[in-house]
């Protein structure tokens, strides 16, 4: 039997933005309800060493998110393990429907749904997902101990994945469309010094090849971006690390978006195109995309929501 819950502030998402918003909203005595979503803790739960969180020289991503959740709970946030499947922002109170059957109504909503891994869109990539093709090295790297694997991409995500995978693989081939990386210099230096990593410049993935019985990857076909020459690279695993796209499906057609789905906020604010709806973290940030900036925006969203509620109540 479904039930209906009302809260002054509903926070959707549980990464650094969501949990920080919860901490600040709780301290403002707004008694927020936070719905965690499909991946409690967000992208940091699939990250190992985090070296750029202030106050921690190095911290494990999952540990950091456990601490944030505990902090939000200690401040008084009600945290619910549910997935919002539908969100109606046409009138206040706003209405959200959970996969559990629960309906949530709220006077203000803070969106912190983050971003998800991008895929190349190849038919062969889809065929072998979960059977040799992955977008999460920390989730699946362990399965490739002693194997040769391939990483696709040239930004921070790709370099971090490649470096992490050297803990398991005998060889990591990094395939990139250009001849220089977009990653931070400290990461680039580590990669270029690592004897297990072999960069393959000016190449793009055109096909994942493998066996069907049992289903598994045996290699990839890559094309030289200048000559068009096709090369086959043997490997047991393929890690696609070409970045992330905002998880904005819930608000498509309701909120103003840009840059491929990022929610637009007013300058210097987390206010969206609908009064009472606020957005924070990777859902709105296409430029910085850092845990610390997401947390900062979560703080802003809670303060903005507090001011909004004070003005309408």
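Looking at segment 242-267, which of its residues are farther than 16 Å from residue 37 by Cβ, in contact with a helix residue (DSSP H, G or I) (Cβ under 9 Å, 6 or more places away or on another chain) and in a loop (DSSP other than H, G, I, E, B)?
Start the filter on segment 242-267 by keeping residues that are farther than 16 Å from residue 37 by Cβ, which leaves 242-243, 252-262, 264-267.
Of the ones still in play, those that are also in contact with a helix residue (DSSP H, G or I) (Cβ under 9 Å, 6 or more places away or on another chain) are 242-243, 257, 261-262, 265.
242, 243, 261, 265 - these are the residues of segment 242-267 that are farther than 16 Å from residue 37 by Cβ, in contact with a helix residue (DSSP H, G or I) (Cβ under 9 Å, 6 or more places away or on another chain) and in a loop (DSSP other than H, G, I, E, B).
Restricting to segment 268-313, and then to whatever is part of a helix (DSSP H, G or I) and farther than 24 Å from residue 71 by Cα, can you tell me which residue is modelled with the lowest pLDDT?
Taking segment 268-313 and keeping what is part of a helix (DSSP H, G or I), we get 281-283, 291-312.
Filter once more, so that each one left must be farther than 24 Å from residue 71 by Cα: 308, 310-312.
On the way: 308: 98, 310: 97, 311: 97, 312: 93.
Out of the qualifying residues, it is 312.
Kindly state which strands (runs of 3 or more DSSP E) lie completely within segment 182-241 and contain at least 3 residues that are touching a helix residue (DSSP H, G or I) at 6+ places or on another chain (Cβ under 8 Å) and in contact (Cβ under 8 Å) with a residue 12 or more places away in the chain.
Numbers: elements: 197-200, 203-212, 215-224, 230-234, 237-240.
Hits in segment 182-241: 203-212, 237-240.
For segment 139-164: of the residues being in contact with a strand residue (DSSP E or B) (Cβ under 6 Å, 6 or more places away or on another chain) and assigned to a helix (DSSP H, G or I), which is nearest to residue 288 (Cα to Cα)? Break it down stepwise before answering.
In the first step, residues of segment 139-164 are kept if they are in contact with a strand residue (DSSP E or B) (Cβ under 6 Å, 6 or more places away or on another chain); the result is 140, 144, 148-152, 158, 161-162.
Okay, now just the ones that are also assigned to a helix (DSSP H, G or I), so 140, 144, 158, 161-162.
Details: 140: 27, 144: 32, 158: 16, 161: 19, 162: 21 Å.
This residue is 158.
Can you spot a residue in segment 27-38 that is surrounded by fewer than 20 Cβ atoms within 10 Å (Cβ to Cβ) and within 21 Å of the chain's Cα centre (by Cα)?
Within segment 27-38, one or more residues are surrounded by fewer than 20 Cβ atoms within 10 Å (Cβ to Cβ) and within 21 Å of the chain's Cα centre (by Cα).
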- Of everything in segment 121-135 that's under 21 Å from the mean Cα position of the chain (by Cα) and not in a loop (DSSP other than H, G, I, E, B), which residue is nearest to residue 205 (Cα to Cα)? 125
- Query: Do you know which of the residues in segment 1-12 that are in contact with a strand residue (DSSP E or B) (Cβ under 9 Å, 6 or more places away or on another chain) and assigned to a loop (DSSP other than H, G, I, E, B) is modelled with the lowest pLDDT?
  - Reply: 2
- Task: From (1) in contact (Cβ under 8 Å) with a residue 24 or more places away in the chain; (2) buried (at least 16 other Cβ atoms within 10 Å of the Cβ); (3) on the phi < 0 side of the Ramachandran plot, pick out the condition that doesn't hold for residue 62.
- Result: (1)
- Could you please find all residues in segment 13-63 being in a helix (DSSP H, G or I), in contact with a helix residue (DSSP H, G or I) (Cβ under 9 Å, 6 or more places away or on another chain) and over 15 Å from residue 293 (Cβ atoms)? 22, 23, 24, 25, 26, 27, 45, 46, 61, 62
- Scan segment 89-97 and give yes if some residue there is surrounded by fewer than 16 Cβ atoms within 10 Å (Cβ to Cβ) and either assigned by TED's automatic domain parsing to the domain that holds residue 39 or touching a strand residue (DSSP E or B) at 6+ places or on another chain (Cβ under 9 Å) (or both), otherwise no. yes
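The values are calculated or read from the model by the stated rules, or taken from the named source; none is laboratory data. Please read these numbers as outputs of a predicted model, since none were measured by experiment. No Cβ is skipped: glycine too gets one built from the backbone with ideal geometry, and neighbour counts run over all protein chains shown.
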